[in-house]
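Here the structure is laid out as structure tokens; the discussion comes afterwards.
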Amino acid sequence: MYSLAVLASVSFLLALILTPLCRNLSWRFGMVDRPDGLRKLHPSPVPRVGGVPLLLAYLGAFAVLLVSRLAATRFVEAGLPIAWKILPGAGLVFAVGLLDDIRGLRPWHKFAGQAVAAYAAFCAGVQVTAVGGLAMPPWLSLPISLLWLVGCSNAFNLIDGVDGLAAGAGLFATITILLGGLLTNNVTLALATVPLAGALLGFLRYNFNPASVFLGDSGSLTIGFLLGCYGVLWSHKASTILGMTAPLMALAVPLIDTGVAIARRFLRGQPIMSADAAHIHHRLLARGLTPRKTVLIVYAACGIAASLSLLGSVAQDQYRGLIIIVFCAAAWIGVQHLGYAEFGMAGRMFVAGAFRKHLNNHLAVRSFEEALVAAMTTEDRWTIICEACRTFGFTHAELELNGRRLKKILVDTNGSPVWNLEIPLVGDGHLRLTRCFGEPQVPTVLVPFAESLHKHACGAICAHSTGRHSATVGI
């Protein structure tokens with residue numbers, strides 16, 4: 001316990017001393033984060049090299065402990081082999097983040113660096129071998145491990161949008177893993193995490209609202225990567241049933257924010273790696289909360305997730321499933337209260353069968369094109385066009401092409417007001433379709449249907465023209 005106290009105290013003091021020094025150097029060399037009025041809402045430029053004092057405080061605490069020759073030194077020395085193996089990956093992530101802070105990197109360059117770092121950690125033994133008590137085959141362990149480590153790194157990077165948010169969330173997760181290590185008698189894990197907790201606590205002195213220094217990518221990516229590694233090592237000593245579930249809950253808030261961002265961008269058809277202003281903290285700020293209240297609410301969510309994670313670690317097997325259900329329900333309710341329109345609309349569309357209708361409409365357009373190509377006579381082709389128009393809710397169809405005129409009443413409007421859709425055709429002509437106002441919503445397939453008519457209708461009607469210049473069908 002003395003050794004844990006020494007590690008925590010030294011890292012805390014080093015962070016308190018080194019952070020303002022690095023902040024001042026950052027000002028001198030112009031390494032600051034400038035507000036843009038969109039995603040970066042701080043009123044003035046702020047230094048963004050918080051990862052440097054954090055890493056120095058973390059490593060410096062171990063150096064002091066090794067020099068002191070306290071009782072825990074033997075545990076540190078015993079854990080050094082895997083620590084030295086993890087260090088290259090963590091160093092690479094830190095370097096990628098620092099380079100992005102200084103010069104800026106493309107998203108895929110950052111992702112590639114994180115993937116290489118994650119593979120190095122995997123080779124060092126940071127391997128997800130089971131999830132929820134289910135053993136994972138070796139061929140699946142590699143991609144799952146890489147996904148976990150890269151996901152954790154980016155989760156803390158994405159949530160770093162309000163003063164003190166990412167550092168505080170990292171502190172909650174670090175303390176959770178630290179306590180989890182103590183509960184499972186994993187002294188090496190406890191010794192690895194306690195200096196990170198001390199460093200984050202000391203750094204928060206300058207990073208909490210109003211912040212005088214930011215974590216930067218070098219800090220947020222490194223925190224996420226280290227916590228991802230320690231979460232996997234914690235799972236190795238956790239119960240078989242719990243496995244990776246405990247680390248998932250410990251890092252829940254950043255991971256949920258990342259998952260929600262990916263789902264939102266997928267539903268909107270936006271690039272997954274694009275930036276936006278719709279993360280959890282942005283939604284809370286949009287409700288009129290101050291940055292300080294926003295951070296405190298997220299801290300409360302992190303505390304609840306941490307408590308459930310630790311409770312699951314000590315609970316009996318028959319209660320662990322209930323704890324996971326409670327956690328999932330709480331996460332679902334929390335996301336719902338943030339008011340993401342994408343999920344509500346997607347849910348309503350799913351319940352209302354909109355996806356099935358959309359699929360059937362696209363299949364109907366495809367069948368229409370195939371039938372039009374297969375038809376042998378002009379009358380057959382005109383009939384196919386009219387039936388397709390009736391299927392999509394049109395009441396009248398009128399074709400004029402090269403002096404040839406075809407009309408058909410598809411549905412009696414009973415005098416209801418209508419609107420027209422006119423589709424130009426290749427050649428001198430057009431196809432005019434009529435639809436009533438107040439009818440069920442226009443099918444989303446209307447645009448591809450119109451394009452199909454524009455492409456095929458001219459050839460369909462005129463392919464076997466008899467030379468007559470006008471005709472009226474179904475009047």
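How large is the charge dipole for region 2-251, taken about the Cα centre, if only the Cβ atoms of Lys, Arg (+1) and Asp, Glu (-1) carry charge, to the nearest 20 debye? Please report the intermediate quantities before stating the final value.
Numbers: 14 positive and 8 negative charges, 47 e Å.
With Lys and Arg at +1 and Asp and Glu at -1, about 220 debye.
Using modelled amide H (1.01 Å from N, peptide plane; none on Pro or chain starts), what sits under 5 Å from the amide H of T395, excluding residues fewer than 5 places away?
So T395 has HN proximity to T434, R435, C436.
In nm, to one decimal, how far is the modelled label at N360 from the one at A315, with both set 7 Å along Cα→Cβ?
Inter-label distance under the simple model: 4.3 nm.
Between 0 and 90 degrees, rounded to the nearest ten: what's the tilt of helix 2-28 against the longest Cα principal axis of the chain?
Result, in degrees: 60.
Post the alpha-carbon centroid distance, region 81-146 to region 1-21, in whole angstrom.
Each part's Cα centre sits 27 Å from the other's.
For region 283-375, run through the chymotrypsin sites (Phe, Trp or Tyr not before Pro) and keep only the ones in DSSP coil with at most 10 other Cβ atoms within 10 Å of their Cβ.
Details: sites: Y299, Y319, F327, W332, Y340, F343, F350, F355, F368; in loops: Y340.
Listed in order of number, the matching sites amount to none.
Assign unit charges at the C-beta atoms only (+1 for Lys and Arg, -1 for Asp and Glu), then state the dipole size of the chain relative to its Cα centre in Debye, rounded to the nearest 20.
Numbers: 36 positive and 24 negative charges, 121 e Å.
Charge dipole, the chain, about its Cα centre: 580 debye, nearest 20.
What do you get for the angle between helix 317-337 and the principal long axis of the chain? Use alpha-carbon atoms, 0 to 90 degrees, nearest ten.
It is inclined by approximately 60 degrees.
Tilt of helix 165-183 relative to the longest C-alpha principal axis of the chain, in degrees (0 to 90, nearest 10)?
So the inclination is approximately 60 degrees.
Going by a ≥ b ≥ c, the root eigenvalues of the Cα gyration tensor, does region 292-426 fall in the rounded group (a/c under 1.5), the prolate group (a/b larger than b/c) or the oblate group? The partial results should precede the final answer.
Details: a/c = 4.65, a/b = 3.15, b/c = 1.47.
Verdict is prolate for region 292-426.
Along the charge dipole of the chain, Cβ charges K/R +1 and D/E -1, which of V32, I262, A374 sits furthest on the positive end?
V32
Hey, what do the phi angles of region 291-305 turn into as Karplus ³J(HN,Hα) couplings, whole Hz, using 6.51/-1.76/1.60 and θ = phi - 60°, x for Gly and Pro?
So the Karplus estimates, Gly and Pro as x, are x, 5, 5, 4, 5, 5, 5, 5, 4, 4, 5, 5, x, 5, 4 Hz.
Which shape class applies to region 205-291: rounded if a/c is under 1.5, otherwise prolate when a/b exceeds b/c and oblate if not, where a ≥ b ≥ c are the square roots of the Cα gyration tensor eigenvalues?
Details: a/c = 2.02, a/b = 1.33, b/c = 1.51.
Verdict is oblate for region 205-291.
Where q = 0.06, 0.11 Å⁻¹, what log10 of I(q)/I(0) comes from the Debye formula for the chain, counting one point per Cα?
With no solvent term, the Cα-only Debye profile gives -0.42, -0.86.
What nm value, rounded to one decimal, do you get for the distance between R205 and A374 when each label is placed 7 Å out toward the C-beta?
According to this spin-label approximation, the distance is 7.9 nm.
Every read-out reported here was derived from the displayed coordinates using simple, explicitly stated rules and does not represent laboratory data. Please read all numbers here as calculations on a predicted model, not as lab measurements. For neighbour counting, all protein chains shown are included, and Cβ atoms are generated from backbone atoms with ideal geometry for every residue, glycine included.
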